[in-house]
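This report refers to the structure that appears directly beneath it.
The values are calculated or read from the model by the stated rules, or taken from the named source; none is laboratory data. Just so we're clear, the structure is a prediction, and the values are computed from it rather than from any experiment. Every residue, glycine as well, gets a Cβ built from its backbone with ideal geometry; the counts of neighbours run over all protein chains shown.
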Amino acid sequence: MPLDSMRPVENYEVFTARDSKGSADKDFPLRHNGNVRASEPRDAAVYAHLMYDEWRWRGMFVVPTDSIIRVIRPE
């Protein structure tokens, strides 16, 4: 594959949520778990699953870092 046809690599943020399973607590909310670098969303999903599969997640999401919009800025 010629180098000029390769897609650029992007940062993707990984968000996860899990069930309480056996705990008296409520389900754990969605949280930022880390990030991965990939050239397309499908690859980012695979990398996220491989890197962050330490729990039985209720949900796992990858979002391109550039798509995140800050709503509240720290002072």
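Of all residues in the stretch 42-75, those satisfying the criterion of being out of contact with any strand residue (DSSP E or B) (no Cβ under 7 Å at 6 or more places or on another chain) and not in a helix (DSSP H, G or I) are Asp53, Glu54, Ile69, Arg70, Val71, Ile72, Arg73, Pro74, Glu75. Find the residue count for the stretch 41-62, including only residues that are surrounded by 12 or more Cβ atoms within 10 Å (Cβ to Cβ) and either among the aromatic types (Phe, Trp, Tyr) or within 16 Å of Pro8 (Cα to Cα) (or both). Summing the residues that are surrounded by 12 or more Cβ atoms within 10 Å (Cβ to Cβ) and either among the aromatic types (Phe, Trp, Tyr) or within 16 Å of Pro8 (Cα to Cα) (or both) in the stretch 41-62 gives 8. Number of residues in the stretch 27-40 that are closer than 19 Å to Ala17 by Cβ and either loosely packed, with under 12 Cβ neighbours inside 10 Å or within 12 Å of the chain's Cα centre (by Cα) (or both): the value is 8. For the stretch 10-18, check the following and say yes or no: at least one residue is at pLDDT below 90, over 21 Å from Ile68 (Cβ atoms) and surrounded by 14 or more Cβ atoms within 10 Å (Cβ to Cβ). Within the stretch 10-18, one or more residues are at pLDDT below 90, over 21 Å from Ile68 (Cβ atoms) and surrounded by 14 or more Cβ atoms within 10 Å (Cβ to Cβ).
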